[in-house]
Each structure stands twice: as C-alpha cells, then as structure tokens.
Amino acid sequence: MSFKRIAIAGLGEIGKTVARKLAQGLPGLVLSGIATRDRAKAQAWLDREGISCSLVALDELPEHADLVVECAPAAILDQICRPMLNAGKQVMVLSASALLPRHDLIELARAHGGRIIVPTGALIGFDAVSAAAEGTISSVQMITRKPPNGLAGAPYLVANGISMDGLKSALCVFKGSARDAAAAFPANVNVVAALSLAGIGPDRTTIEIWADPAVTRNCHQIKVESDSANFTMAIENIPSENPKTGRITALSAIAALRKLGSPLQVGT
Ligand SMILES: NC(=O)C1=CN([C@@H]2O[C@H](COP(=O)(O)OP(=O)(O)OC[C@H]3O[C@@H](n4cnc5c(N)ncnc54)[C@H](OP(=O)(O)O)[C@@H]3O)[C@@H](O)[C@H]2O)C=CC1
Ligand SMILES: O=C([O-])CC(=O)C(=O)O
C-alpha cells in the first residue's frame, strides 16, 4: 500500500489535533512534516506527545508532502499554497476567508494539476448546499452569534471602535456579503467564506454577525432557498482553547483526510 504524505502548516488549535490523529494513524496516510513559526515550542510539544515528525520551512513543504493541511494565520495562505500548487500538489485550506480574494490560487491549481480542498470546517450541510447549487439557489442567508471574546480584536471592530468589553446584551456588529465579512472578520467567520464557495459565491451569500454575551457557543444558522429544496441548518460549536475556533473544525479536517484514504465515500 502506498501512503499519501500529509504535512501540517500551523501547529495551533487545529494543527495539533490533526497532528495527533495522523500520528495515531489514519488509513493510507502518514504525517510527513510540520511547518510552524516557533520551532522550539513545536518541538517541545511533539516531544511531550511522543510524536516523531520533521519540522520544515513553508517553502520546503512540496518536498515533504503530497497534501498540506493549512491551519495557520490567514496572512500566510499564499506562502503555503503557492509552492504546493506550483508543484501540482494539494492543499486543504482552513483559512477560507483568505481564499476569497485569491482566485489566482485556484487558477494556479488548475494550471498545474493541483487541488485546493475546503472542508466543511466549523459549519454544516455543504452536501445539501452543493447539491442545490447544481440546480438554482435563489438565496443563502446566515446568522452567526458568538460570545464577545470569539470576535474581539477583529479588524472591523478595531477600525470602527466597537468594543466587546462589558457588553450586556446582544449587538449586531455586521450585516453584509460573505466577501465583505471575510475581509472584516478574517479569523472569525471562515465558515461563511466556505459556505459561499459551496453555494452561490461570496457576493450573493449574506451574513449577520452578532456578539452575544448570553451564548457560550459559536452559533451559526443558515437558510437556503432553491428550486430543489428549501432548508435551514443550525450548529452550536463548543469553542476550543482558541475561542474563535470551534472544536469541530479540526474534526472536520480529519474526516476529510480520512475520506482520501477510504475505499468507501459517504456524502457528496
Ligand atoms: N474553515 C473553518 O471552519 C475554520 C477556520 N479557522 C481558521 O483556521 C486557521 C487556524 O486556526 P487555529 O488552529 O484555531 O489557529 P491558532 O491561532 O490556534 O494556530 C495558528 C498557528 O499558526 C502558527 N503560525 C503563525 N505564523 C506562522 C508561520 N509564519 N508559519 C507557520 N505557522 C505559523 C502559529 O504558531 P505559533 O504558535 O508558533 O505562533 C499557531 O500555532 C485560522 O486561519 C482560523 O481562522 C478556524 C475555525 C474554523
Ligand atoms: O468560522 C470560523 O472562523 C470559526 C467559527 O465560526 C466557529 O468555529 O464556529
């Protein structure tokens, strides 16, 4: 059996969970490299976990991997994707917000026979959305409610002087397109960027973002209207140690990786 080599870029909340699972074993896959910022910190973590894996530079990833799981800050998406896609390889992108303005990366994948995979991540129902998109979808609307600390520090809040400190009741902080939301909240609503790519695109997909001190989970509601089905979906994500990131996100990446090596694929 030949193993597909999987590397990880970004050893944070998502990267660590994916690394652990790959080290435990996923059929047909092997953990082949990790690219991170602070190598000493990463090595100490690997030693504690008993995981043996080379630490490599971002531009060395194509030598080490057939597929890289990108789970790093949005700002370095290009540095991770470009070398891999130039080499005709695959990148699983978690920083979906950063992908919206980077259509050139999709063109690069096309030109070199590479591939960008965007897993469902912290959201739900991309099977139904992509099926409906084979017909005609008339609208995709999303409402996100997060505890204030899951939004604090977002560029849009900082630029508009909107503070999350001491918020006593729910506040709608943004209403607009997925494209604008991704730029305004790049580390907070990757979900709507991914949803837009599964469905009708970033300009027609809309979102309201609420900071709500009454919720403890990252809550997303989605309403889709189409000529094949109307549906509503909701998910309440338990935040991980990184309050912006739901625990289910890493598990979604792992489920998508498992499909790569599986003889049975369930779901679109
Ligand atoms: N698609 C989806 O549904 C979701 C996507 N996300 C997105 O996924 C990405 C990862 O999220 P998460 O794991 O929670 O983030 P974390 O902040 O927990 O981890 C990011 C990691 O990237 C590392 N890093 C920083 N700079 C570099 C660099 N130059 N080269 C390599 N690694 C670097 C950091 O290393 P160090 O520790 O050394 O600083 C850190 O460990 C984010 O963009 C996030 O917005 C999150 C949730 C849902
Ligand atoms: O999309 C994101 O960036 C994270 C998110 O909303 C969640 O984890 O629920």
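Only protein heavy atoms count here; on that basis, with a 1.4 Å probe, Val158 has an accessible area of about 100 Å².
Just subtract the alpha-carbon distance of Arg48 and Ala131 from 0.36 nm times their residue separation and send over the number in nm, one decimal.
Working: separation 83, 0.36 × 83 = 29.88 nm, distance 4.36 nm.
Length gained, Arg48 through Ala131: 25.5 nm.
Taking only Cα atoms and a 10 Å spring cutoff, compute GNM fluctuations for the chain and point out the largest among Thr136, Thr245, Thr144. Judging by the Gaussian network model, the answer is Thr136. Of the peptides 10-22, 89-101, the order by per-residue mean of other Cβ atoms within 10 Å, starting with the highest, comes out as 89-101, 10-22.
For the chain, the longest principal axis of the C-alpha atoms and the axis of helix 13-24 are separated by about 40°. For region 229-238, 3J(HN,Hα) computed residue by residue from phi via the Karplus equation (6.51, -1.76, 1.60; θ = phi - 60°) reads 6, 9, 8, 10, 9, 9, 9, 10, 8, 6 Hz, glycine and proline entered as x. Amide H to amide H distances under 5 Å link Thr245 with Ser240, where only residues 5 or more positions off or on other chains count and H is placed in the peptide plane.
Only Cα sites of the chain enter the Debye sum here, all with the same form factor; the resulting log10 I(q)/I(0) across q = 0.09, 0.11, 0.16, 0.17 1/Å is -0.41, -0.62, -1.26, -1.38, listed in q order.
Rounding to the nearest 10 and keeping the result within 0 to 90°, find how far the Cα-based axis of helix 248-260 lies from the longest principal axis of the chain. With both axes taken from Cα atoms, the answer is about 50 degrees. One quarter of the surface of the convex hull around the alpha-carbon atoms of region 126-241 equals 6.9 nm², the direction-averaged projected area. Straightening the chain between Ser262 and Asp203 buys 17.7 nm, computed as 0.36 nm per residue apart minus the Cα-Cα spacing.
Report the FRET efficiency, 1/(1 + (r/R0)^6), for Lys41 and Glu241, where r is their Cβ-Cβ distance and R0 is 22 Å, rounded to 0.05. The formula returns an efficiency of 0.90 here. Annotation for region 81-148 versus region 157-228: alpha-carbon center distance of 17 Å. What a 1.4 Å probe finds exposed on region 126-241 is 50% carbon and sulfur by accessible area, rounded to a whole percent.
Would you calculate, for the chain, the mean residue ellipticity at 222 nm contributed by helices, counting each DSSP H stretch of 4 or more residues as -39,500 (n - 2.57) and dividing by all residues, to the nearest 500? Spell out each step's value before the answer.
Numbers: 11 runs with 93 residues, N = 268.
Helix-only estimate at 222 nm: -9500 deg cm²/dmol.
Legend: P(r) of region 14-170 from all alpha carbon pair distances, 10 Å bins from 0, whole percents, reading 9, 29, 32, 24, 7, 0.
Taking only protein heavy atoms and a 1.4 Å probe, what accessible area per residue, in Å², does region 126-241 have with all protein chains in place? Write out the running numbers ahead of the final one.
Numbers: 5410 Å² over 116 residues.
Averaged over the residues of region 126-241, the accessible area is 47 Å².
Heavy atoms only, probe 1.4 angstrom, no DNA, RNA or ligands counted: give me His220, His112, His64 ranked by accessible area, highest first. Walk me through the intermediate numbers first.
Details: His220 5, His112 85, His64 50 Å².
My answer, sorted largest first, is His112, His64, His220.
The values are calculated or read from the model by the stated rules, or taken from the named source; none is laboratory data. Being a predicted model, the structure only gives us computed values, none of them experimental. With ideal geometry, Cβ positions are generated from the backbone for all residues, glycine too; neighbour counts draw on all protein chains shown. Heavy atoms of the whole protein, side chains included, go into the accessibility calculation; ligands, DNA and RNA do not. Shrake-Rupley method; radii C 1.70, N 1.55, O 1.52, S 1.80 Å.
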